[in-house]
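Student: Sharing a structure below in structure tokens format, with a few things to ask.
The values are calculated or read from the model by the stated rules, or taken from the named source; none is laboratory data. Worth saying up front: this structure is predicted, and the values here are computed from it rather than measured. For neighbour counting, all protein chains shown are included, and Cβ atoms are generated from backbone atoms with ideal geometry for every residue, glycine included. The area values use the complete protein model at the heavy-atom level, side chains included, leaving out ligands, DNA and RNA. Shrake-Rupley method; radii C 1.70, N 1.55, O 1.52, S 1.80 Å.
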Amino acid sequence: MREVDKFRRDGGDHLLYAQANKANSILILGGYSGQGISNINHHADASIYIIEPVKQYYDQLVKQYSDNYNVHILNVGVLDQAIVKNIDLNGDGTSLFKNSTQGVSCQFYTITEILQQFGITDKSIDLLWCNCEGGEYYALPELINDNSILQFNKLLIQYHDYNDFCKDTRNAIRASLQTLEYTEQFNYEYVWE
């Protein structure tokens, strides 16, 4: 059985949103069109910080959350440097790792720069929701290397399997998180963990 089918069979969406609904503060790396975010029944005081590099998806998010002063959105993606780079558009399969004529130009920053832009570099955050189509392989090692990952109480990560770099980096991230005593609550490989 495929991992995504196991995830669905086991009520995977409930696993995700049960974690998110308990959070008072969430950093979402990869807002996309807001479909997943709209399933989070955050309470009135929950602070939500979202990055989305693709302008058309960012605009959707801004429109959707324009009346909610607790939702903060940046039109950026995450990489290992501040750079403008093309990203391949393919709906929820949008990717940094695919080359295509369908790409759009997007602004990227390091995770440290993004935390600074939000003003949350030293703030404890209940949940890091990471579904950033390859950006996880840059954001998470940076957070781990300087121990700022510890400001996040829980992590929900969707790793993407594009190439050997992704596989190797995922394994290194997982080993580091175990060393830092993060407890794995579920693992559906390359779906959600």
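Student: Given N residues in the chain, what is its alpha carbon radius of gyration divided by 2.2 N^0.38 Å? Write out the running numbers ahead of the final one.
Tutor: Details: Rg = 15.7 Å, N = 193, 2.2 N^0.38 = 16.3 Å.
Rounded to two decimals, the normalised Rg is 0.97.
Student: Something else: To one decimal place, what orientation-averaged projected area in nm² is obtained for the convex hull of the Cα set of the range 1-76?
Tutor: 5.4 nm²
Student: Keeping all protein chains in position, work out how much accessible area Phe108 exposes to a 1.4 Å probe, and write it in Å² to the nearest 10.
Tutor: 0 Å²
Student: Further, regarding this structure: Rounded to the nearest 0.05, what FRET efficiency do Lys22 and Lys55 have when you use their Cβ-Cβ distance and R0 = 45 Å? Before the final figure, lay out each step's value.
Tutor: On the way: r = 32 Å, r/R0 = 0.71.
Result of the calculation: an efficiency of 0.90.
Student: Rounded to the nearest 0.05, what FRET efficiency do Leu180 and Asn90 have when you use their Cβ-Cβ distance and R0 = 30 Å? List each step's numbers first, then the result.
Tutor: Values: r = 33 Å, r/R0 = 1.11.
The calculated FRET efficiency here is 0.35.
Student: A further question follows. In straight Cα distance, which lysines are under 23 Å from Lys154, not counting same-chain residues fewer than 8 positions off?
Tutor: Lys6, Lys22, Lys123, Lys167
Student: Using label points projected 7 Å from each Cα along Cα→Cβ, tell me how many nm separate Ala172 and Asn187, to one decimal.
Tutor: 1.9 nm
Student: If you don't mind, another one. Along its principal axes, what span do the Cα atoms of the range 119-193 show, with the longest given first and each in whole Å?
Tutor: Answer, in whole Å and largest first: 34, 23, 21 Å.
Student: What is the extension gain from Asp10 to Asp146, computed as 0.36 nm multiplied by their sequence separation minus the C-alpha to C-alpha distance, in nm to one decimal?
Tutor: On the way: separation 136, 0.36 × 136 = 48.96 nm, distance 3.49 nm.
Here the segment from Asp10 to Asp146 would lengthen by 45.5 nm.
Student: Given a 1.4 angstrom probe, what's the average accessible area per residue across the chain, in square angstrom? Mind dumping the intermediate values first?
Tutor: On the way: 9660 Å² over 193 residues.
Heavy-atom accessible area per residue stands at 50 Å².
Student: OK, next. Can you show me the helix-derived [θ] at 222 nm for the chain, built from DSSP H runs with n ≥ 4 at -39,500 (n - 2.57) apiece and divided by the number of residues, rounded to the nearest 500.
Tutor: Details: 7 runs with 65 residues, N = 193.
Rounded to the nearest 500, the figure is -9500 deg cm²/dmol.
Student: Pull up the cross-link candidates among the lysines for Lys63, meaning alpha carbon to alpha carbon under 23 Å and not fewer than 8 places away within one chain.
Tutor: The reachable lysines, counting only those whose Cα sits under 23 Å from Lys63, are Lys55.
Student: Limiting things to C-alpha atoms, what are the Rg and the maximum Cα-Cα separation (Dmax) for the range 120-162, in angstroms?
Tutor: For the range 120-162, the Cα radius of gyration and maximum Cα-Cα distance read 10.5, 33 Å.
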